[in-house]
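Just below is one structure, and these are the notes that go with it.
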Amino acid sequence: MADKNGSTKPSATGPAGYSINLESFSKRLKLFYTHWEEHKSDAWGASDAMTIATPPPSEDLRYLKSSALNIWLLGYEFPETIMVFMSKQIHFLCSQKKASLLETIRKSAKEAVGADVVIRVKAKNDDGSTSMEQLLGAIRSQSEDSVVGYIAKEVPEGKLLETWSEKLAGSGLNLTDVTNGFSELFAVKDATELTCVKKAAHLTSSVFKHFVVPQLERTIDEEKKVSHSSLMDATEKVIIDPAKVKVKLKAENVDICYPPIFQSGGKFDLKPSASSNDDNLFYDSASVIISAIGSRYSSYCSNIARTFMIDATPTHTKAYEVLLKAHDAAIAMLKPGNKAGAAYQAAVSVVEKEAPELLPNLTRSAGTGIGLEFRESGLNLNMNNNRLLKSGMVFNVSLGFQNLQAETNNPKTQNFSLLLADTVIVSSEKPPEVLTAGCSKLVRDVAYAFNEEQEEEEKPNSNGAANNRDPFPSKTTLRSGNNEASKEELRKQHQAELARQKNEETARRLAGGGPGDGDRRGPVKTSGELVAYKNVNDLPPSKELAIQLDQKNEAILLPIYGSMVPFHVSTVKSVTSHQDNRTCTVRIVFNVPGTAFNPHDANSLKNQGAIYLKEATFRSKDPRHSNEMVGRIKLLRRQVASRESERAERATLVTQEKLQLAGNRMKPIRLPDLWIRPVFGGRTRKLSGTLEAHVNGFRYSTPNPDQRVDIMFANIKHAFFQPAEREMITLLHFRLHNHIMVGNKKTLDVQFYVEVMDVVQTLGGGRRSNYDPDEIEEEQRERERKNRINMDFQSFVNKVQDLWGQPQFRDLDLEFDQPLRELGFHGVPHKSAAFMVPTSSCLVELIETPFVVITLSEIEIVNLERVGLGQKNFDMAIVFKDFNKDVFRIDSIPSTSLDAIKEWLDATDLKYYESRLNLNWKPILKTITDDPEKFIEDGGWEFLNLEASDSESEGSEESDQGYEPSDVEPESVSEDDDSDSASLVESDEDDEDSEEDSEEEEGKTWEELEREASNADKERGDDSDSEEERKRRKVKSFSSKSRVPDRRDSKGGFPSKKPKLR
């Protein structure tokens, strides 16, 4: 059997392959004795000796301090073993097999604490009485008044422990309980223990996320009848076989903490001792499901609990919101130096503020410490615990509401409870680390929409209550029967809630001086010391007074007043030559600080009294030499400028960690024959390369040793895999946190791709038949090549994803995102049209350059501009939370994509507004940053709310929704309808400059034109058309220009709504 602690450090192997990690034993034994000595009176009951007796093995799950000490100290549980710790001796009473293994620790114990190990072997048929008397004698030999510590709460089990308990009680020695001492000893975990806890939590999260949640969703969606106990059994089988959820942990090191818990149907028990009954899972409307699971790795525990709500009522959502805030507040208080009771006090404060009526239903603690024991005594997070928290402690933060009442008549939904639990590590260098955060507890991820039209017909009175429900987007909509009108109403309600949240968030950020402050000025450009020669003697000898170029020192030597004066080539702004008859004039213009386009740099500020040469002109009778020198100076100047530019780019780079190459233990994951964008510079032949995944990053290399790029895992912000569907390439794309250099280019985006189709040119101008065998075979080869490349990329992505799933990379939150083509739309993000595609966390365009990668979490709001009837296209303006960043625009989006984009933005919790005009965003953002308080007082972003402004304006004309061509008067025709793609909002300066021109070029009005046409008709005698007929023709002409594009498909129906993001 492998070492329980999973260590590869020095160990001693005993019988049957069992081994004790001697380094860990020595360190922990020394820690035990040091703690005993320092806290002898307050934690260890002033004990002079300690006796620990471990009971026989049992099939039941149990957590004992004696077993925990065995595992913590020796790596295994030693059943039916008595240990006695004294200052100079450590005694063991056990069987022969255990004694053989314990023989290996004699030397380590002597070196660590100076104690001799005495082992007494109990024969198979012996009750051990003689050996017990010898143990008691050894204790008395220390002192007649020796105080013996023992674990009082552990009831002796088995004949051996019962005999020892009787002899100890009748020995006359002073006995004291040392439970608190062991609680303090086990409370702070070392690095090895924390690794075990993290692995256990990773398994727990993976089972919950990839098995429990899908199992519940499948059961509810397919309306299966499944009992709580059967769900418990199925989940337990997955926990003890980690391979079923693709977790690479050895099954022999894994176990459950307790039988998984599933509760529903009004019967809830939030105690840790709760169990799953045989009732079927109840998932009708307004029902609640509680699930909790815990797993162990190398005997170290972890735990998670979540509550799922089906068709949540306002009571459900309010109570859950309060519980969520209270749970987060309790976790936030788990910091070194705080009292343990502060976590529960923080939760109580939230409940008192948000919903004081729920306080009686709150659980009496916020959880307990967790480790080798599922509930570590002395570490309860209740109001009365004043124990100080330390870095390295681990807690199961569990909080809930018990026996709440919902406004329903069904007894199975009337009574409900809520529970949340997470495994959390206390850290001194960063906020509390939630190890089970991978399983979301947000309302939108645990609230399920479960509406049936039949139920709505049976309960018509419930519609009012449903309309008042808080508009939270649910994670999954099951058997949804809502029509388009109700979806639009829900979307509007959700957007109103998002507007309120967004304004509050913006106010907090601006008040705190976060992103959005600043003067938008970049750093002052500096240059290094420009030194061509350090000494006059370094100047090259000159035979004649003529312009010379020193390539080595990058200097120009100019003859001035009979001497050769050197100038660094970087000081030259321009150099030109002009030939006139027999002479040639060379003009050299220098950079002079303080003039236009030449700001002061570090040199000019340091030498403010210096005199600068602005220009020098030379005349030569040798035009050939003059032209040659001008060309060489220009070439050297370009080379130096390019080198300095690259050096400046590299100076701003963030230092990356060094790539650790895969060794013998780990073979690198390879993907060959890839091209890279941006490409390497230089004139060398472009070569394909291989991408390899190593220990802590990727390496892309080509046969050219100078063409190599390293990408660290820690520097990856987003990773995308886009297989070729309608595109010509399959690609992997990485958006980075910090810039890196690819060749001589500084970039945040690195892409590796393969072209899935070869460019084929048909020789001969004739068209080939669709039934041409060669054509069919060629298409088949292209399909096979595309599928093969996509599969190779998918295999590489899967292997890397497994690598990223290891505990050391969990904090990086790395995952390959795949664009969702069904949600994509066409637009113009830069200068050319492109297909924009959302992913779960970004909006991307990865085919055309420059690439577009917009992180959704960094978006403040989205404004849809030029939205109105008659417009074939509209624009999207994306405003970032960092107001110093320019607004990103995507222009010329087809109006047919408007509804799908609105639905996508709403599903991703992004607040959007609509406007009929393009806005000039730079002055708007400057106004906000200059006076954020006034921005908040004026309603925040609500100045963009088109509906609100229309409803508030008095005497407003018809809204766009009520537009019908037959109702429009001829005078109301807008001149803007003919300019779909032009910007309709110009700057004030442009308006002032163009006022006079507009007055001169302004055409005649409709009334004037109509009057002239009528007079002309009368002169010709052609006045048969009536006024009504002319008006009808005019309206018909207008409506044909501004007709809304027909969205029906070829079958005459309207296209279906695009699915929401999951």
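The values are calculated or read from the model by the stated rules, or taken from the named source; none is laboratory data. Bear in mind the structure is a predicted one, so any value in this text is a computation, not a measurement. When we count neighbours, we look across all protein chains shown, and the Cβ atoms used for this are built from the backbone with ideal geometry, even at glycine. When the accessible area is computed, the model is the full protein with side chains, heavy atoms only, and any ligands, DNA or RNA have been set aside. Shrake-Rupley method; radii C 1.70, N 1.55, O 1.52, S 1.80 Å.
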Practice prompt. Filter region 545-580 for residues that are within 15 Å of GLU628 (Cα to Cα), more than 53 Å from the chain's Cα centre (by Cα) and open to solvent by 40 Å² or more (accessible area, probe 1.4 Å) and give the result.
Written response: GLN548, THR576, SER577, HIS578, GLN579
Worksheet, complete the sentence: Picked from region 708-732 (must be of a type in the set (Lys, Arg) and within 16 Å of GLN656 (Cα to Cα)), the residue surrounded by the most Cβ atoms within 10 Å (Cβ to Cβ) is LYS717
Worksheet item: Restricting attention to region 742-753, which residues are within 12 Å of ARG677 (Cα to Cα), open to solvent by 20 Å² or more (accessible area, probe 1.4 Å) and out of contact with any His (no Cβ under 9 Å at 6 or more places or on another chain)?
Response: GLY743, LYS745
Worksheet item: How many residues, within region 155-184, are buried (at least 16 other Cβ atoms within 10 Å of the Cβ), in a loop (DSSP other than H, G, I, E, B) and either among the aliphatic types (A, V, I, L, M) or at pLDDT 90 or above (or both)?
Response: 2
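For region 847-946, which strands (runs of 3 or more DSSP E) that fit wholly inside it have 2 or more residues that are open to solvent by 40 Å² or more (accessible area, probe 1.4 Å) and closer than 26 Å to LEU823 by Cα?
Passing ranges, in order: 888-894.
Conditions (1) in contact (Cβ under 8 Å) with a residue 60 or more places away in the chain; (2) outside any strand (DSSP E or B); (3) in contact with a Cys (Cβ under 9 Å, 6 or more places away or on another chain), marked per residue:
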| position | (1), (2), (3) |
| --- | --- |
| PHE374 | yes, yes, yes |
| GLY378 | yes, yes, no |
| LEU381 | no, yes, no |
| ASN386 | no, yes, no |
| GLY400 | yes, no, no |
| GLU407 | yes, yes, no |
| THR413 | yes, yes, no |
| ASP422 | yes, no, yes |
| PRO431 | yes, yes, no |
Worksheet, complete the sentence: Only unsatisfied item for SER349, checking (1) free of Cβ contacts under 8 Å to residues at least 40 places away in the same chain; (2) in contact with a Gly (Cβ under 7 Å, 6 or more places away or on another chain), is (2)
Worksheet item: Filtering region 784-838 down to residues that are over 25 Å from MET757 (Cα atoms) and of a type in the set (S, T, N, Q), which residue is most open to solvent (accessible area, probe 1.4 Å)?
Response: GLN808
Discussion item. Considering only residues that are out of contact with any strand residue (DSSP E or B) (no Cβ under 9 Å at 6 or more places or on another chain), open to solvent by less than 40 Å² (accessible area, probe 1.4 Å) and not aliphatic (A, V, I, L, M), which ones fall in region 26-52?
Written reply: SER26, ARG28, HIS35
Discussion item. Conditions first: (1) closer than 19 Å to ILE90 by Cα; (2) open to solvent by less than 70 Å² (accessible area, probe 1.4 Å). ALA187 passes all but one, so which condition is the exception?
Written reply: (1)
Fill in: Residues (in contact with a Lys or Arg (Cβ under 8 Å, 6 or more places away or on another chain) and either open to solvent by 20 Å² or more (accessible area, probe 1.4 Å) or within 18 Å of VAL434 (Cα to Cα) (or both)) located in region 314-346
PRO314, LEU324, HIS327, PRO336, LYS339, ALA340
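If you check ARG735 against the conditions, is it on the phi < 0 side of the Ramachandran plot, in contact with a strand residue (DSSP E or B) (Cβ under 8 Å, 6 or more places away or on another chain) and either modelled with pLDDT under 80 or open to solvent by 20 Å² or more (accessible area, probe 1.4 Å) (or both)?
yes
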Discussion item. Restricting to region 5-39, name every residue that is modelled with pLDDT under 90 and assigned to a loop (DSSP other than H, G, I, E, B).
Written reply: ASN5, GLY6, SER7, THR8, LYS9, PRO10, GLY14, TYR18
Worksheet item: Which condition breaks for PRO214 when tested against (1) in a helix (DSSP H, G or I); (2) free of Cβ contacts under 8 Å to residues at least 12 places away in the same chain; (3) over 23 Å from the mean Cα position of the chain (by Cα)?
Response: (3)
Worksheet item: Quick one: which of ASN467, ASN403, ASN461, ASN483 is open to solvent by 70 Å² or more (accessible area, probe 1.4 Å) and modelled with pLDDT of 90 or more?
Response: ASN403
Worksheet entry | For PRO705: the one exception among (1) open to solvent by 50 Å² or more (accessible area, probe 1.4 Å); (2) in contact (Cβ under 8 Å) with a residue 24 or more places away in the chain; (3) more than 24 Å from ASN790 (Cα to Cα) | (2)
Item to complete: Please verify whether region 189-203 includes one or more residues that are over 19 Å from PRO807 (Cβ atoms) and either assigned to a helix (DSSP H, G or I) or of a type in the set (Asp, Glu) (or both).
Response: no
Worksheet item: Within region 226-246, is there a residue that is open to solvent by 10 Å² or more (accessible area, probe 1.4 Å), in contact (Cβ under 8 Å) with a residue 60 or more places away in the chain and not in a helix (DSSP H, G or I)?
Response: yes
Discussion item. From the list SER273, SER287, SER291, exactly one residue is within 21 Å of MET232 (Cβ to Cβ) and surrounded by fewer than 23 Cβ atoms within 10 Å (Cβ to Cβ). Which is it?
Written reply: SER273
